[in-house]
Amino acid sequence: MSNVIIVGTQWGDEGKGKIVDLITERFDVVARYQGGHNAGHTVCISDRQFILHLIPSGILHADKCCVIGNGVVIDPAALDEELQMLSEAGIFTEGRLFISNRAHLILPYHTAVEEAEERLRGAKAIGTTSRGIGPCYEDKMARRGLRVGDLQHPDRFRQKLSDRVEQKNRLLEQVYQAPRLDVQAIFERTMQRAPQLLSFATDTAEYLSGAINDGKSVLFEGAQGTQLDVDHGTYPFVTSSNATAGGACTGTGVGPSRINGVIGIAKAYTTRVGAGPFPTELRGEIEVRIREKGTEYGASTGRPRRCGWFDAVVVRYAGLINDLSTLVITKLDVLDGLDEIRICVAYKYRGEVLRFFPTDMEILSQVDPVYESHPGWQTDTSQIHDYDELPQAARSYLNRLSELVGADISIISLGPNRDETIILEESSRLKALLKE
Ligand code: IMP
């Protein structure tokens, strides 16, 4: 049985939720390893749509177990809301959901500090999801975070919380001129939710290791995307965790040699939410058309996503960082009906052609994309189930993406539902990863 990582190769929102849901049946356990409720995974099953932010979408399959690893940051209120949504939909989580007792807690002061910081940044704001993600990871790295396991000892938790809130209040009042927070109110609200959270808490590294030893297979579900990775993305316009494949090891405690491959997900075009350089960004009619047809609005915040042509420099770079075993292209149907489709194959900076992704964001914000032009197709591809039935222009487009990225394409998604998918049976890489 294989253990496989799913990663986003662009700026998130590549449609990972649907692909995870699609291949979950081949795995026993689905594990999240980073991020928090800034992520939004939309999964459509028959006529029901689920948006999951924190809990892996594997939870929608009654016979699968799900893990929220130590690398994830958890807002108890957000978790509570999601558990309630699942319970109302008749999906039970008891005995199927395991939460790391090492995962850090997002508490109300994280959100308050983030809002104050973004306000102060003004025009230089990162455009975060305002969920307290960054400040929570800051506290983790500064070694003053509070973890799920701390909830087991209310007195100690109260003491630590009091120290943290005092520190944040100094920051809020003296630096940001923002209102103070009340320790007791935060303590009471958090402790109300603690019993439920603790009922799922365990040492998930040990759980995963045992599961793998027993021959079970694990799907590691990445959130966000390579360009939002705190080390490898468009820093500082990134999230605060390692969204790339390496994060799966540190974020779950599973060693690299136990993982067999990485499936990269890329949209047939590019989107990003929040601020930061985006070389192939479109403006005007085509952008609006892609946004409306692709429903490109944030699943967590509802913000309109910025849209642009496929950037092969970005996805090739993701291939390098994540060592992709195979590539999945999503939302190809969104490009139906366009006369011309462009692919960015390189960048031009001050007359020089750059084929690699620059590390300097000043350079990235000034590059001109070097485009290849491809003919569009006028067919509705959403009902096609066989690769050979795709219009010739669509097949040529996909072949070119594969060639430019340097990875074979194994799945093509043509709509949000499970059956709107073409799985390329001849993809030996995918077969090897999904073998029983
Ligand atoms: P944060 O993760 O809330 O700190 O936001 C940092 C950056 O990551 C912002 O540009 C967000 O819009 C972006 N971001 C965070 N989560 C997602 C996601 O799931 N999809 C797309 N962008 C995201």
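Rule-based calculations on the coordinates, nothing more; no lab input. Keep in mind the model is a prediction, meaning the values are calculated, not measured. Counting neighbours? That spans all protein chains shown, and the Cβs are built from the backbone with ideal geometry, glycine included.
General observations
- As a proxy for reagent exposure, ranking Ser300, Ser100, Ser46, Ser87 by other Cβ atoms within 10 Å from fewest up yields Ser46, Ser87, Ser300, Ser100.
- Alpha carbon centroid spacing (whole Å) that separates the range 331-360 from the range 182-209: 45 Å
- Expressed per residue, the C-alpha convex hull volume of the chain stands at 138 Å³.
- Between Ala125, Ala407, Ala248, the GNM of the chain built on Cα springs shorter than 10 angstrom shows Ala125 fluctuating the most.
- Relative packing of 398-404, 275-281, which averages over residues the other C-beta atoms within 10 Å, highest first: 275-281, 398-404
- Extents of the range 104-197, taken as max minus min of Cα coordinates on every principal axis and listed largest first, are 42, 22, 22 Å.
- With θ taken as phi - 60° and the Karplus curve 6.51 cos²θ - 1.76 cosθ + 1.60 applied, the whole-hertz 3J(HN,Hα) list for the range 102-116 is 9, 5, 7, 9, 8, 10, x, 5, 5, 5, 4, 5, 4, 4, 5 Hz, x standing for glycine and proline.
- Share of alpha-carbon pairs per 10 Å distance bin for the range 279-336, given as whole %: 19, 44, 33, 4
- For the options Ile259, Ile286, Ile74, a Gaussian network treatment of the chain with springs between C-alpha atoms closer than 10 Å singles out Ile286 as fluctuating the most.
- Gyration tensor (alpha-carbon) shape descriptor, the range 185-269, a/c threshold 1.5: oblate
- For the pair the range 286-307 / the range 16-47, the C-alpha centres are spaced 20 Å from each other.
- Summing charges over all other residues whose Cβ lies under 13 Å from the Cβ of Tyr349, with Lys and Arg as +1 and Asp and Glu as -1, gives -1.
- For the range 266-433, the relative contact order is 24 percent, taking Cα pairs closer than 8 Å that sit 6 or more residues apart in sequence and dividing their mean separation by the residue count.
- For Lys431, Lys331, Lys267, order by how many other beta-carbon atoms lie within 10 Å, fewest first: Lys431, Lys331, Lys267
- Relative to one another, the C-alpha centroids of the range 237-282 and the range 64-79 are positioned 18 Å apart.
- Under the criterion of Cα pairs below 8 Å and six or more residues apart, the relative contact order for the chain equals 20 percent.
- Shape of the range 134-287, Cα gyration tensor, a/c cut at 1.5: oblate
- Relative exposure of Ser373, Ser365, judged by other C-beta atoms within 10 Å (fewest first): Ser373, Ser365
- Of Lys140/Lys168; Lys64/Lys435; Lys64/Lys160; Lys16/Lys431; Lys64/Lys431, those spanning more than 26 Å from alpha-carbon to alpha-carbon: Lys64/Lys160
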